[in-house]
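Student: Sharing a structure, written as structure tokens. Questions coming.
Coordinate-derived values only; no laboratory data. Note that this is a predicted model, so its numbers are computed, not measured. All Cβ positions, even for glycine, are placed from backbone atoms using ideal geometry, and neighbour counts span all protein chains on display.
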Amino acid sequence: MLTHESLAPMLWQNWARTVQARPLRVERPTSAAEAAAVLTAAANDGVRVKPVGAGHSFTPIAATDGVQVRLDGLSGLLTLDTEAGTATVGAGTRLHELNALLSGHGYGLTNMGDIAVQTVSGAIATGTHGSGRASASLSEQVVALEIALPDGSVRTLRSTDTGADGDLFQAARLGLGALGIVTSVTFRVEPAFTLRSSVERTTLDAVCERFTELESEDHCDLYWLPFTNAVQLTVNRRTGEPAAPPHPVAAWWSGDVVENAGLALVQRVTRAAPKTTPAVNAVAARLIGGRTFVDTAPKVFTSTRRVRFHEMEYALPRSAAAGALHALRDLTARGPWRVAFPVEIRLAPADDVWLSPAHGRETVYVATHAYPRTDYRGWFAAVENLWLEYGGRPHWGKLHTRDSGYLRDQYQRMGSFRAVRDLVDPQRIMANEYLDQVLGG
């Protein structure tokens, strides 16, 4: 049954606390028909609608002063077709829930990002990705979806569709929440597998020299410490070995102590005394240690983040990676900014998702992070300007300042996406200020 929360505007904020909004009312549909009814009622009332997932986007992509649609009532594993290798889940299913549900049947996703609290619909809507030689984007793994459209109709779309339905599927599998309310998603899945994860300390110079080698790895993640040459390199390789996870004490030390409590301490110290940042990071660089273990893919791919941060991520052409990373290091060293947070670097293959930042080109993703209430905005602005020199494409759910004029030139299929949007939402019921910025009115 559809539930309403409309007594008074309620304050909503995202996980990073970079966005706040007061929706007119909140709806919680439990079926595609109820989601369609929400859209019909909103159109009759002349108000806009925005679905929201876990609020893990740093941009105001889900912000609205109209009707906010929460998808908690649309969750769970709906079907698992082992013969076809597909699984259909409710759009509000959290990724960690999906992992557990699939694992219980001996299946899993091919790849995923490092955050597992997102909803599946929010993850595909914003272009969530991991790192990988063959596959990185969650949207690329979508083979079908169900969506309630602004006219109140409900459509089931498949990757095999052609014509108008085929275009709508291609647009909706990374749709920015601009086309309707996705109510279920069908992913391509495969038998569960394990990964051998190897972590080592290396240097940014060595990484740039080894890019050809790293491109051939199944999965590769790197963290560079600003004001140093140090990089933590993680290589994850598929293996038929049984899981041999780290000892619980070792896992607690690396996960809870180093990656969360230790990171938080470093950020607080350098926020209080910014001039110490280079020295603090130099000490942190010496603490990067090596380790190797084997575990199930979801446990290797994902991590727990207890330290809040603000993030900007750009997708750059892989061919420009070495020059771009050296330029980032030099820019950071020369500037007045003192940001201690590690920079994350991930490799991804080209894909065919219309609005994927990796569309049509081999990609390196570079994510800059900063601790809240630190003086990082000048650094983000300078880094963003640097990435523009390389034809960078911003992550849709992370901080950036690009507008529709710039983005239209970066995406070959942006015109096709906008044509689909004009067809299904001519009244812009699904719009908000952020979509006006990146897609135009």
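Student: For GLU362, enumerate residues with amide H under 5 Å from its amide H, sequence gap 5+ or separate chain, H modeled in the peptide plane.
Tutor: Amide H neighbours of GLU362, under 5 Å, 5+ apart: ARG318, ALA350.
Student: Using the Cβ atoms and a cut-off under 14 Å, what net charge is assigned to the surroundings of THR270, where Lys and Arg are +1 and Asp and Glu are -1?
Tutor: The answer is +4.
Student: For the range 319-386, which trypsin sites (Lys or Arg not before Pro) are in a loop by DSSP, counting at most 10 other Cβ atoms within 10 Å?
Tutor: ARG373
Student: Can you compute 3J(HN,Hα) from phi for each residue in the range 108-115, using the Karplus curve 6.51 cos²θ - 1.76 cosθ + 1.60 with θ = phi - 60°, rounded to whole Hz and x for Gly and Pro?
Tutor: Computed from phi, the couplings for the range 108-115 are x, 6, 5, 7, 6, x, 9, 10 Hz.
Student: Which whole-number percent gives the relative contact order of the range 81-194, counting Cα pairs below 8 Å spaced six or more residues apart? Before the final figure, lay out each step's value.
Tutor: Values: 203 pairs, mean separation 41.1, N = 114.
Relative contact order for the range 81-194 comes out at 36 percent.
Student: Next question, about the same structure. State, as an integer percentage, the relative contact order of the chain based on alpha-carbon contacts under 8 Å between residues 6 or more apart.
Tutor: Here the relative contact order equals 17 percent.
Student: Hey, another quick one. Quote the charge dipole size of the range 194-394 about the Cα centre in Debye, to the nearest 20; the model charges only the Cβ of Lys and Arg (+1) and of Asp and Glu (-1).
Tutor: Dipole about the Cα centre, nearest 20: 840 debye.
Student: Hey, another quick one. Looking only at ASP161, ASP221, ASP81, which one moves most when the chain is put into a Gaussian network model with springs between Cα atoms under 10 Å?
Tutor: In this elastic network of the chain, the residue with the biggest mean-square fluctuation among ASP161, ASP221, ASP81 is ASP81.
Student: Angle, helix 263-272 long axis vs. longest principal axis of the chain, Cα atoms, 0 to 90°, nearest 10?
Tutor: Around 80 degrees separate the two axes.
Student: Taking the Cα centre of the chain as origin, work out the dipole magnitude from +1 charges on Lys and Arg Cβ and -1 charges on Asp and Glu Cβ, in debye rounded to 20.
Tutor: Computed charge dipole of the chain: roughly 1340 debye.
Student: Sort ASP295, ASP375 so that the residue with the fewest other Cβ atoms within 10 Å of its own Cβ comes first and the one with the most comes last.
Tutor: Ordered by Cβ neighbours within 10 Å, fewest first: ASP375, ASP295.
Student: Need one number for the range 194-394: average projected area of the convex hull over its C-alpha atoms, nm².
Tutor: 11.3
Student: Under a Cβ-Cβ cut-off of 15 Å, what is the net charge of the residues other than ASP114 that fall near it, where Lys and Arg count +1 and Asp and Glu count -1?
Tutor: Summing Lys and Arg as +1 and Asp and Glu as -1 gives 0.
Student: With springs only between Cα atoms under 10 Å, which of ARG286, ARG421, ARG408 fluctuates most in a Gaussian network model of the chain?
Tutor: ARG286
Student: What are the extents of the Cα atoms of the range 330-441 along their three principal axes, in Å, largest first?
Tutor: The principal-axis extents, from largest down, are 48, 31, 20 Å.
Student: If you don't mind, there's one more thing I want to ask. Quick check on the chain: helices-only [θ] at 222 nm, where DSSP H runs of length 4 and up contribute -39,500 (n - 2.57) each and the sum goes over total residues. Nearest 500, please. Mind showing how you got there, number by number?
Tutor: On the way: 15 runs with 132 residues, N = 441.
Counting only the DSSP helices, I get -8500 deg cm²/dmol.
Student: Could you give each residue of the range 372-389 its phi-based ³J(HN,Hα) in whole Hz, using Karplus coefficients 6.51, -1.76, 1.60 with θ = phi - 60°, and x for Gly or Pro?
Tutor: Each residue's phi maps through the Karplus curve to give x, 6, 9, 8, 10, 4, x, 5, 4, 5, 5, 5, 4, 4, 5, 5, 5, 5 Hz.
Student: With point charges of +1 on the Cβ of Lys and Arg and -1 on the Cβ of Asp and Glu, referenced to the Cα centre of the chain, which listed residue (HIS56, GLY106, LEU287) lies farthest in the positive direction of the dipole?
Tutor: Toward the positive end, the furthest listed residue is LEU287.
Student: Using alpha carbons only, how many degrees (0 to 90, rounded to 10) separate the axis of helix 414-424 from the longest principal axis of the chain?
Tutor: Relative to the chain, helix 414-424 is tipped by roughly 30 degrees.
Student: Here's another thing I want to ask about it. Can you sort ARG155, ARG268 by how many other beta carbons sit within 10 Å, fewest first? Don't jump to the answer; show the numbers that get you there.
Tutor: Details: ARG155 17, ARG268 13.
Lowest count first: ARG268, ARG155.
Student: When the chain is treated as a GNM, springs tying every alpha-carbon pair under 10 Å, which of VAL49, VAL420, VAL185 comes out with the largest mean-square fluctuation?
Tutor: Taking springs between Cα atoms under 10 Å, the residue moving most is VAL420.
Student: Note the angle between two axes, namely the Cα long axis of helix 277-286 and the longest principal axis of the Cα atoms of the chain, as a number of degrees from 0 to 90, rounded to the nearest 10.
Tutor: The angle comes out near 80 degrees.
Student: Along the range 391-396, what does the Karplus equation 6.51 cos²θ - 1.76 cosθ + 1.60 (θ = phi - 60°) give for ³J(HN,Hα), rounded to whole Hz, x for Gly and Pro?
Tutor: 3J(HN,Hα) across the range 391-396, in whole Hz: x, x, 10, x, 5, 5.
Student: Using volume of the Cα convex hull per residue in Å³ as the read-out, say which of (i) 138; (ii) 168; (iii) 153 was calculated from these coordinates.
Tutor: (i)
Student: Could I ask something else about it? Taking the beta-carbon count within 10 Å as an exposure proxy, list LEU265, LEU11 from fewest neighbours to most.
Tutor: Result, fewest neighbours first: LEU11, LEU265.
Student: Mind checking the dipole of the range 115-198: about its Cα centre, +1 per Lys or Arg Cβ, -1 per Asp or Glu Cβ, Debye to the nearest 20?
Tutor: It works out to roughly 360 debye.
Student: Please tell me the relative contact order of the range 194-394 in percent, rounded to the nearest whole number, where contacts are Cα pairs under 8 Å and at least six residues apart.
Tutor: Numbers: 338 pairs, mean separation 55.2, N = 201.
With pairs under 8 Å counted, the relative contact order is 27 percent.
Student: On to the next question. Say the dipole of the range 77-192 comes from +1 at the beta carbon of Lys and Arg and -1 at that of Asp and Glu; which of THR128, PRO191, THR86 then lies farthest toward its positive end?
Tutor: Toward the positive end, the furthest listed residue is THR128.
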